Structure formats: structure tokens, C-alpha cells
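This report concerns only the one structure given below.
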Amino acid sequence: MAEHAPHVEPHAEHPAYPVGLRLSGRRVVVVGGGQVAQRRLPALIAAGADIVLVSPSAKASVEAMAEAGEIRWERRRYEEGDLTGAWYALIASSDPVANRTASAEAERHRVWCVRSDDAEAATAWTPATGRSEGVTVAVLTGRDPRRSAAVRDAIVEGLRDGTLAAPHHRSRTPGVALVGGGPGDPDLITVRGRRLLAEADVVIADRLGPRDLLNELPPHVEVIDAAKIPYGRAMAQEAINDALIEHAKAGKAVVRLKGGDPFVFGRGMEEVQALAEAGIPCTVVPGISSSISVPSAVGIPVTHRGVAHEFTVVSGHVAPDDDRSLVDWAALARLHGTLVLLMAVDKIGAIAEALVAHGKAPDTPVALIQEGTTAAQRRVDATLATVADAVRAEQVRPPAVIVIGEVVALGEAVALGDGR
């Protein structure tokens, strides 16, 4: 007597079977070009699927995907037979009859089918998905998609920032990562930078890097304060380069933690060149530059329609009359946009005089933001004519970002929260 598999009702209370679909080069049909398609299509494109969209209309972003050749768009309503040859279908139109008909076709042809309007009638569910450095996290909690998303977010965030222990069980290639730590607030480092910190054996940190991040490091990580490496003043960068090379050659994963971005007045390229000459692999992780983030933190946009169409970032560590200066202060004075000065607190008087001498209005607004994005942040307002006196009277100290231009006035009446 023949044996038959037990019949299971579609709505029986059985958990979904998790599986990863390899859709590269395989036909996927999406019915409907609305918000669901807008959200789901990027992941299908990333999977390399051969995507056919069937819909008389589509969101602008979905239409852009078709124009870019990422999907093929049939600009019409669903018709019987559209799922022929498909491996997977996403039914997400605003027409309930079309959704039911397409779902029935998928059932007949044994095509796994997701339905945005009726999850119970679908043969597949889309998990809440996230990715972190080659790991895909997919979470299903049945009929509670918000909980799925919350669990997904917690796992992915933990993997990214290193708080979720998931060590690599393969040998790591020793090397150096130049990580831009951002303007000071530890929350403003990139997720990749935070993850590399969590995986480091040695961290060589700048004084202006986000110091609070160092407290999160595991106890076995060796932290070296770059400001305290023994050297003479003229040998500072060379000594740091030597330390990077020494620890990397010892087989350790080294992170060079810098403030802001490594390539914005951070001497990052000098370190990259030194490592390259020593044959040591180096990864550069960009950081949020204080030149734009610190003004933003106090409500100053470096550009604004009708006010400033450009902004210029200048290092102020060398005075305008110094023979070593590479800055064309006369040209800067003629610009109508925003001027952002870094490392310029002790030279701001001479800089202001040079700008005014070259034609900049003495009443041009100036803002000095000390310790931007940190708990010690404060703002001092002045003009080019008064800024030198303001620095002395208010005892402004480095690190501080100085913003010169009409955009300064835009932020005077703006109250910003800290985003927490």
C-alpha cells in the first residue's frame, strides 16, 4: 500500500522553515511598484536576481531602478502567466483581486510567494534582515514584524560595535587600520570604525580622538597614547609611524585612532605611505570631519541657499605672515562663502587682520566652538573685528572650530537637541 505524506493545512501552527535563497540570475517577479517594492527591491537587486516588475505605475525610486537597468519593468497590470519560470514572487499591488490571482498562480507552479496584504495566505515570509561584515542576520517572529525588526537591530548593532561577542575563528591578517573617530562624541564614530576598535590588539590614539571609546575596549587591548610616545618634537610623526610598524610586524591588529577624518589635517597619508614602504597592509576608515559636524552641532550650516554656495576648510596652525604658509589669504577674503578654520585659536587674531586687510568686512560674523559635540561644548560669537579680544576674554582653548561667514547668524536663534 502506498504511503502518503500527511496533509498539512496552510494555516496550521507550524514555524516557518528558515532558508537562504540564492537568487543570482534567477527570475523573480514583483507585482506592484509601491512602497513595499521600494523597500524590498534593493535587497533582491543586491542578491543578483533577474527581476521583473509588473505594475502600471511605480514610486519614483522604483522607476529609477528600472531606468538604471537594475530591474525590468512591465508597465501594466498583472496577467495570468506572469509567474512562469519564476523562482520567487513578491505580491504587493494595491489590487486585492490581482494579488489573490497571482498568489494562486504561484501556488500552482510551486513558486515561493510573499504577500504584503495577507501574510497568512503566503507561502513565504520575509524576515527582518540586516548585514554586518559578511554576516547576514534574518529574524522571524511569526506575526510580530516590529519585534523581528527590534531583535534584528539589536543583533546587528552588537556585531557592528563589538558588544556582541562573535570572534572570528579564522586567522586574521595583521595590519593597521587608520580610523577616523569623528569630532569627539563617541556616538559619532562610524560603525566600521567601532567594530575595528573592538577587534584590535593595539590602539594608538590621538589626543583629539574620542577618548570615551577607549573605556569600552577589552582589558587585553594595549592602548598607546600617541602624545606620550617618547620623541623629540621634530620626530613626532616618525615615532608614531615606527610604533605602527613595530606592532603590526609583531602580528597584531593595530588601530590608529584619530580625531575627525584621517585625511583632513590628520597626517593620515604620511602614515599610509610609511606602512606601504614597510610592506604592511593598511585600511583607511573615513571619519566625520569636525569642519562640518561641529558647526552643525550648534546649528550652523556651512552652506545655505541664498547665503553661502561654498565652504572652504583651512588649517590655521601657521600664521598668514609665516613663510611656511601655503594659504592664499587674499583669495579667501574675496570669497562669499563660509570659511572654516581648524587649529587656529592662537592665530585667529592675525588671520582676522589678514582677511580684513584683503577686503573682508570687519563685521563679518565669527563663531568659535570649543570641544564641539562633547559635554564640554561651548560657543562664543564675535566678528572679525572683535574675535581676537573675544578669545582672550572668554579664554577659548583648543580644540575649537572657527566659522567665519554669514551662515553664523543663521544658527544664533536655533535650539538643537542632542538626539538622545
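So the values come out like this:
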read-out: Rounded to 10°, Cα long-axis angle of helix 145-161 versus longest principal axis of the chain; value: 40
read-out: Count of lysine pairs in the chain with Cα separation under 27 Å (8 or more residues apart, or interchain); value: 7
read-out: Long-range amide H partners of Ala385 with built H, under 5 Å; value: Thr364
read-out: Most positive-pole-ward Cα, Thr129, Val255, Val307, against dipole of the chain from beta carbon charges; value: Thr129
read-out: Cβ-placed point charges (K, R +1; D, E -1), dipole of the range 59-108 about Cα centre in debye, nearest 20; value: 80
read-out: Probe 1.4 Å, accessible area per residue of the chain, Å²; value: 56
read-out: Exposure of Ser61 as accessible area (Å², to 10), given a probe of 1.4 Å and all protein chains; value: 50
read-out: Nearest 10 degrees, 0 to 90: helix 35-46 Cα axis against the chain principal axis; value: 80
read-out: Solvent exposure ordering (accessible area, 1.4 Å, most first) of Met65, Met343; value: Met343, Met65
read-out: Label corresponding to Cα Rg over 2.2 N^0.38 Å when calculated from the structure given, among (i) 0.90; (ii) 1.31; (iii) 1.07; value: (ii)
read-out: Exposure ranking of Trp87, Trp73 by accessible area [1.4 Å probe, largest first]; value: Trp87, Trp73
read-out: Relative contact order %, the range 309-379, counting alpha carbon pairs below 8 Å whose residues are six or more apart; value: 32
read-out: Antiparallel content of DSSP bridges confined to the chain, in %, to 5; value: 35
read-out: Principal-axis tilt of helix 348-357 within the chain, Cα atoms, nearest 10 degrees; value: 80
read-out: Computed FRET value (nearest 0.05) for Glu80 with Arg40, which takes r as the C-beta separation and R₀ as 30 Å; value: 0.85
read-out: Exposure of Thr386 as accessible area (Å², to 10), given a probe of 1.4 Å and all protein chains; value: 60
read-out: Cα centre as origin, Lys/Arg/Asp/Glu Cβ charges: the chain dipole, Debye; value: 640
read-out: Largest-first ordering by accessible area, 1.4 Å probe, given options Thr303, Thr312; value: Thr303, Thr312
read-out: Förster radius 41 Å - calculated FRET efficiency between Thr283 and Glu310 (Cβ-Cβ, nearest 0.05); value: 0.85
read-out: Share of carbon and sulfur in the accessible heavy-atom surface of the range 353-406 [1.4 Å probe, %]; value: 50
read-out: Relative contact order, percent, the chain [alpha-carbon distance under 8 Å, six or more residues apart]; value: 10
read-out: Accessible surface of the range 91-135 [probe 1.4 Å, protein heavy atoms]: carbon and sulfur percent; value: 52
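The values are calculated or read from the model by the stated rules, or taken from the named source; none is laboratory data. It should be emphasised that the depicted structure is a prediction, and the values quoted were computed from it without experimental measurement. When we count neighbours, we look across all protein chains shown, and the Cβ atoms used for this are built from the backbone with ideal geometry, even at glycine. The protein model used for the area step is the full one, side chains on, heavy atoms only, and it has no ligands, DNA or RNA in it. Shrake-Rupley method; radii C 1.70, N 1.55, O 1.52, S 1.80 Å.
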